[in-house]
1. Could you give each residue of segment A:118-134 its phi-based ³J(HN,Hα) in whole Hz, using Karplus coefficients 6.51, -1.76, 1.60 with θ = phi - 60°, and x for Gly or Pro?
2. Which residue, A:230, A:301, A:136, tops the fluctuation ranking in a GNM of chain A built on C-alpha contacts under 10 Å?
3. Could you give the radius of gyration (one decimal) and Dmax (whole number) of the Cα atoms in chain B, in Å?
4. What gaps in nm, shortest first, separate residue B:75 from its twins in the other copies when you place the label 7 Å past Cα toward the beta carbon?
5. Could you give the radius of gyration (one decimal) and Dmax (whole number) of the Cα atoms in segment A:125-179, in Å?
6. Normalise the Cα radius of gyration of segment B:287-356 by 2.2 N^0.38 Å (N = residues in it) and let me know the number.
7. Over segment B:2-127, what is the relative contact order in whole percent, taking alpha-carbon pairs under 8 Å and six or more residues apart?
8. What order, most packed first, do the peptides A:157-170, A:197-210 have when packing is the mean number of other Cβ atoms within 10 Å of each residue?
Number of protein chains: 2
Amino acid sequence: MSLLKDFFLRSGINGFLVMNEFNVLYFTGFRVEHGRGRLLIPMDGEAAFYVYGVDYEAAKVEAKNCYVEVIKRGEDANRKIVERIMQLNIKSIGFDSLNSITYFKLNRALRGFCKLKPKPKLTWKLRIIKDEDELLLMRKAAEITSEGMKAAYDVLKPGMKEYEVAAEIEYAMRKRGSWGTSFETIVASGLRSAFPHGWCTDRKIEEGDLVVIDVGATYRFYRADMTRTLVAGEPSKKQELMLQEVVKAQEAAVKSAIAGAKAKEVDASAREVIKRAGLEEYFVHGLGHGIGLEVHEPPALSPESKDRLKAGNVITIEPGVYVVGFGGIRVEDVVLIRKKGAELLTHGPYALRIQT
Amino acid sequence: MSLLKDFFLRSGINGFLVMNEFNVLYFTGFRVEHGRGRLLIPMDGEAAFYVYGVDYEAAKVEAKNCYVEVIKRGEDANRKIVERIMQLNIKSIGFDSLNSITYFKLNRALRGFCKLKPKPKLTWKLRIIKDEDELLLMRKAAEITSEGMKAAYDVLKPGMKEYEVAAEIEYAMRKRGSWGTSFETIVASGLRSAFPHGWCTDRKIEEGDLVVIDVGATYRFYRADMTRTLVAGEPSKKQELMLQEVVKAQEAAVKSAIAGAKAKEVDASAREVIKRAGLEEYFVHGLGHGIGLEVHEPPALSPESKDRLKAGNVITIEPGVYVVGFGGIRVEDVVLIRKKGAELLTHGPYALRIQT
């Protein structure tokens, strides 16, 4: 939080209102549901954490770097914040995220006294670099995820339903200490594998189907994200060739992902491989994204990205090709950016074929 | 969607911009990630669904009630929407939810041509009443959830870690066809059970601990939500007495939850039981909430609620008492409001004691 305050002067603010639940979690270590916690960080003095009765006792015990105020039944949370801003004589306050209705309410109440300034990127300046404590948790999440993927290779058989595969993966991750999943597990088989975000249905997996499995464990609120593509049964020549290109694309990207590299150039290094294979039109998404408390964080790795990689970024590298009417192939790992290169945090084979 | 248009005239709009991913899902049946899909519904003519390349092919196959437009690399999604609004001569457009930054952008671009009006409650007028198709899916989600809770009774033993209990519950639900969990499973044991949203940690459950288990399966994007409180081993007299009061409170609420009832009176019927037991100060949250595509929907059941129950509402009824330093007890079921009473969709015993 003191690191955040270092940005106050440069940003022309002397206070910051945290509304996003992941920013709240980052600063306090306390998880509230969306919209149920607000953190007011003044330049001078202690941060105030406003929560409802349902979270009050837990927050008093668990929330760090702040004192906790309860929003009582019938009290107006915005009103309380406005009063505190005035009391502290905050003349210019930044915020991470407000919906338009709340913005108008606060702005009206503060008019002539305090300026309300959108600063959506401020907290990312901190969150984008993972410190050693965070990396410990992210390594653990990645390790559990790799074990979950191993379970997929162990159990996948033609005749299984997609959700049955998810059952085994998630069970394996939970048994190894997962606190939950980073996102809804994707097991997209057959023609559905050509849809990058295919979720998980009751479709029965058939012999020869491509099966894109995209899964992540959480550990103490930090997330991992890993994809492999398997074939139920014997892969075809074409499937094998496509996989090879996607794996080569990932390898090229991992090689180029070092501190100081432009994110769009890392994306380009993978896209170039796919292009040479004549598959460019089928690579329909960016190469990857930052990951941490949220599954999609900055930096963005895409042709349009203006980001530059820094040591301590944790990102995914996930090239994929999706051919409608044929199927899709994606491989993805979580990668820590270091000064001299990238370190893979998730691990596992790339083989399409399942050992039977 | 045609039902939504019936509200346009009354709301003084001739178009509606859907930004919230659950509203998008409701109208199109297509699930996009937060912020990745926008649906423009004009009074006259077909709705336009704007998605990125990553979702384009899937949306073309799966999205109903709309035509699909791709937002190409480098294109500005807001710009496309503004152009379409002008092309269709929409003079006043409602929206469900916009963050303040996007609001300013759209408002500036539309100035003098089209009014942008926040209508956050409009879609709830439809979503709050579940039709027969939705109820089929909600019944299935509730049934799977009840089976998951049964698994908790079967496996819970002193010495297990909280996440190990979650593993068994989620596995049981997945095996019965769950598409995922409605929210992060709560297994909060010992003193942590006094924290209503206690998540799930690596704490080892001890003999005599209260264990609050709050879990929900999803089925085809519809959600359930169910809580039971168990004791690992032999419950104490005090634990038993507290449970009885909470169960009585739930029964009173279920009895009063009929179409036409004021939500705050249903809350009061449960709160009254808890009050008579001298436990009122420990009931630190509202009685329940609507549930459907999201886990927390209107109507709200709380002392401050202005809602009135209607036939076709699906809600949770979940009284609880949380005594810091002792533990917490909550029971929760999903309930369908009918003209003449409430129908429980989740089912299971209330016993604290586990059969061993």
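The values are calculated or read from the model by the stated rules, or taken from the named source; none is laboratory data. Because the structure is predicted, anything quoted here is derived from the model rather than measured. Please note: Cβ atoms are built from the backbone with ideal geometry, for glycine as well, and neighbour counts cover all protein chains shown. Ligands, DNA and RNA are excluded from the accessible area calculation, which covers all protein heavy atoms including side chains. Shrake-Rupley method; radii C 1.70, N 1.55, O 1.52, S 1.80 Å.
1. Going residue by residue, I get x, 9, x, 9, 4, 5, 5, 4, 8, 5, 6, 9, 8, 8, 4, 5, 5 Hz, with x marking Gly and Pro.
2. Top of the fluctuation ranking is A:136.
3. 22.8, 72
4. 4.8
5. Both quantities, over Cα of segment A:125-179: 14.5, 48 Å.
6. Taking the Cα Rg and dividing by 2.2 N^0.38 Å, one obtains 1.29.
7. The value is 26 percent.
8. Output ranking for A:157-170, A:197-210: A:157-170, A:197-210.
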